[in-house]
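Notes follow once the structure below has been shown.
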Amino acid sequence: MSNPLLINSALPDFATVRLEHFEPAIDALLAESRSLIQNLETLEKPTWQNFALPLEEANDRLNNAWSVISHYNGVLNSEALREIYQRLVAKLTAFQTEFGQNAALYDAYQALADSDDFGTYSPAQRACVEHALRDFRLAGVALPAEQKKRFAEIKKRLSELSTRFSENVLDATQGWSKFVGSEEELEGLPESALSLLAQQARQQGKEQGYLITLDIPSYLPVMTYCANRRLREELYEAYATRASEQGPNAGKWDNSPLITEILQLRQEISTILGFRNYAERSLATKMANDVGEVIAFLEDLAGKSVAMAKREFADLEAFARDVDGLNELENWDVAYYAEQLKQRNFDISQEALKPYFPAPKVISGMFEIVSRLFGIEVRAADDQNVYHDDVVYYEILRGRDVVAGFYLDMYARKDKRGGAWMADCRTKRKGLDGRDQLPVAFLTCNFTPPVGEKPSLLTHDEVTTLFHEFGHGLHHMLTKIDVADVSGIAGVPWDVVELPSQFLENWCWQPEAIPMISGHFETGEPLPPEMLEKMLAAKHFQSAMQMVRQLEFALFDFLLHRDFDGADFDVLGLLDQVRDRVSVKKPPVYSRTPQSFSHIFAGGYAAGYYSYKWAEVLAADAFSRFEEEGVFNVRVGEDFRREILEVGGSRDAHEMFVAFRGRGPSVDALLRHAGILGEVA
């Protein structure tokens, strides 16, 4: 049987994918790519057709195989896969480094840029060449030999460290659980949460009782609804100390030394490239112009939010004191009393909303919404093999033509990384043979699975998470760019890539859209108008507290990468300083937020977590045009698809936004949507 990872097909053949395929496939593709590069290095006159396109095709074959392996590592993790994955990450990192430092390839791309034909290239081809030249420089192509060698060593080590960091967080999350024997200890927990905890206990061989884990579908309901304060504190400590030297598993999966080494190596690699710090290096590929602009942006939002956030927290303290005589509101009390206060003020809760948001109804309604907005159809392809029984494969059609596809993996399970994300499986491009490769995405969430005969019931927060990830997916899948390096989300500045995802969340709140995505799991009745009114009234509840929480992460990340100056740098001290500026309640001294901050230590958000807020400004302002002209205005939807979703990374981000909005971005829409604008008007 042929190796399914070596077939350059639209879809991976999951029915025949095996772990033993992974390493031989990557080895063969790396050898193939190196052989091609040797041939391309000797070209006397490189052109798009004889140089750039063959190189893109080889890279795409490698990416198509790696996308499956990387995805398996996130959703079907195992010790055997980890060993293979770690070896392959090292091999790929070495290849990427030698590719980026290949002066002959750099010179060939420069020859394309300098050629008479460059003016006849498409915008996507020109952007591809310009991005390639920038990336070669950032990979150290012009460095002296000794520095090139050191650069390669650092890149290899950083890839090892980020993989270990992620694995430690996963192991620490799954390495703690608590069995609770009686329902009395879980007083206040809703029936849906009790059923999940009971199901988890049965899966572990317990004939009765309840099993609590640190996975979000288990952790969050206990923190939000359980009256047992001692249990909340115990659970909070276990969660807040994951992968650190503190807490119930102190030192077992400690990421503390990894953080120091990661920061040292990032600083060193930035210095080698001529940057003062990693924050500067990060901005070389982003929309923001410089470090000062990012700091000013975050400080401006903080200045408009902190006072309101402190008032919100004071109200919460007063409420807890009034109802339970609580003299001091601790971190493990915040979610619990916030939920009670929200119910008192608005007579609404996430739990009350859940029966109206069964996953199948939300999914079908989401597809209906994007169909109306962007003129597409989404349908399940039941004949497509998938990698797990939880997964469904869907096709996207425009007219009668299938233009994209995606795998939707909704539910939390053992050996699956927490959180929600979109990743590319296949990228849209046109091959050497002239045939189109359709874009395919992996959409992954970690929602509560169906329990017994009940479907998965989503909180409204989870509904917005699903829309968020589907927004990323649409950005990847609705592209019309057929040059891989700037197709879909490729080549899009990191502080812009969250625009489509945060933009699509807005339809989770629209009265015109709610009937499409809601329907009681027993009766099919859409969310009643009176509940919708309460939900909308509660939309801004503690929105300033939520704002400053994100600003805490963003400022910590950016200042850490700007100011880090060696192994003695006080990472936790910096976090305390940021919290002094923007936090409403400091956590206990044992809390170790950085040790599980995978976004910046094992993901793509290093010195870039600010991107969420930066892109949220763009998303809110883009949506304000729909507010002005109609939330289902077909013409505006077509404009968004054409000017934002379809152009990928082929166009300057500011020009792209102006083309849709008619002007540059304004922060006002974000502040208005968060209920903060009145505070600063």
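The values are calculated or read from the model by the stated rules, or taken from the named source; none is laboratory data. On a predicted model such as this, the values are computed, not experimentally measured, just so you know. When we count neighbours, we look across all protein chains shown, and the Cβ atoms used for this are built from the backbone with ideal geometry, even at glycine. Note: accessible area is taken over every heavy atom of the protein model, side chains too, but ligands, DNA and RNA are not part of it. Shrake-Rupley method; radii C 1.70, N 1.55, O 1.52, S 1.80 Å.
Inside the range 97-124, residues that are closer than 24 Å to Lys428 by Cα and not in a helix (DSSP H, G or I) make up a count of 2.
One line per residue, one yes/no per condition, for (1) under 25 Å from the mean Cα position of the chain (by Cα); (2) more than 22 Å from Trp66 (Cα to Cα); (3) in contact (Cβ under 8 Å) with a residue 24 or more places away in the chain:
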{"position": "Phe95", "(1), (2), (3)": "no, no, yes"}
{"position": "Phe99", "(1), (2), (3)": "no, no, yes"}
{"position": "Tyr106", "(1), (2), (3)": "no, yes, yes"}
{"position": "Tyr109", "(1), (2), (3)": "no, yes, yes"}
{"position": "Asp135", "(1), (2), (3)": "yes, no, yes"}
{"position": "Leu138", "(1), (2), (3)": "yes, yes, yes"}
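When Leu618 is tested against (1) closer than 29 Å to Val129 by Cα; (2) modelled with pLDDT under 95; (3) assigned to a helix (DSSP H, G or I); (4) not polar (S, T, N, Q), exactly one condition is not met: (2).
When we screen Ala238, Ala227, Ala288 for residues that are in a loop (DSSP other than H, G, I, E, B) and open to solvent by less than 30 Å² (accessible area, probe 1.4 Å), the only hit is Ala288.
The single condition from (1) more than 30 Å from Leu536 (Cβ to Cβ); (2) touching an Asp or Glu at 6+ places or on another chain (Cβ under 7 Å); (3) part of a loop (DSSP other than H, G, I, E, B) that His476 fails is (3). When Phe374, Phe406, Phe367 are checked against the criterion of being surrounded by fewer than 21 Cβ atoms within 10 Å (Cβ to Cβ) and in contact with a Gly (Cβ under 6 Å, 6 or more places away or on another chain), a single residue qualifies: Phe374. Taking the numbered list (1) crowded, with 24+ Cβ neighbours inside 10 Å; (2) under 30 Å from Ala132 (Cβ atoms) in turn, Asp433 passes all entries but (1). Working only within the range 401-449, note down all residues that are within 14 Å of His388 (Cβ to Cβ) and β-branched (Val, Ile, Thr). Scanning the range 401-449 gives a single hit, Thr444. A residue that is open to solvent by less than 60 Å² (accessible area, probe 1.4 Å), on the phi > 0 side of the Ramachandran plot and at pLDDT below 95 cannot be found anywhere in the range 530-552. Considering only residues in the range 571-587 that are hydrophobic (A, V, I, L, M, F, W, C) and part of a helix (DSSP H, G or I), the one that is surrounded by the fewest Cβ atoms within 10 Å (Cβ to Cβ) turns out to be Leu572. Of the residues in the range 487-497, at least one is within 25 Å of the chain's Cα centre (by Cα), hydroxyl-bearing (Ser, Thr, Tyr) and at pLDDT 95 or above. Quick check: anything in the range 86-93 assigned to a helix (DSSP H, G or I), of a type in the set (A, V, I, L, M, F, W, C) and surrounded by fewer than 18 Cβ atoms within 10 Å (Cβ to Cβ)? Looking through the range 86-93, at least one residue is assigned to a helix (DSSP H, G or I), of a type in the set (A, V, I, L, M, F, W, C) and surrounded by fewer than 18 Cβ atoms within 10 Å (Cβ to Cβ). Exactly one residue out of Asn73, Asn77 is in a helix (DSSP H, G or I) and either over 21 Å from Ser650 (Cβ atoms) or not basic (Lys, Arg) (or both), and it is Asn73.
Condition check ((1) at positive phi; (2) of a type in the set (D, E, K, R); (3) part of a loop (DSSP other than H, G, I, E, B); (4) open to solvent by 40 Å² or more (accessible area, probe 1.4 Å)) across all residues:
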| position | (1), (2), (3), (4) |
| --- | --- |
| Val589 | no, no, yes, yes |
| Ile600 | no, no, no, no |
| Glu627 | no, yes, no, yes |
| Glu643 | no, yes, no, no |
| Ser650 | no, no, yes, no |
| Phe660 | no, no, no, no |
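Yes/no matrix, rows are residues, columns are (1) open to solvent by less than 60 Å² (accessible area, probe 1.4 Å); (2) in a helix (DSSP H, G or I); (3) not hydrophobic (A, V, I, L, M, F, W, C):
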{"site": "Gly140", "(1), (2), (3)": "yes, no, yes"}
{"site": "Arg150", "(1), (2), (3)": "no, yes, yes"}
{"site": "Lys155", "(1), (2), (3)": "no, yes, yes"}
{"site": "Leu158", "(1), (2), (3)": "yes, yes, no"}
{"site": "Phe165", "(1), (2), (3)": "yes, yes, no"}
{"site": "Thr173", "(1), (2), (3)": "yes, yes, yes"}
{"site": "Glu185", "(1), (2), (3)": "no, yes, yes"}
{"site": "Ala193", "(1), (2), (3)": "yes, yes, no"}
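Within the range 291-331, being farther than 12 Å from Met547 by Cα, surrounded by 13 or more Cβ atoms within 10 Å (Cβ to Cβ) and β-branched (Val, Ile, Thr) holds for Val291, Val294, Ile295. If you filter the range 42-70 down to residues that are among the charged types (D, E, K, R) and outside any helix (DSSP H, G or I), you find that the one that is surrounded by the fewest Cβ atoms within 10 Å (Cβ to Cβ) is Glu44.
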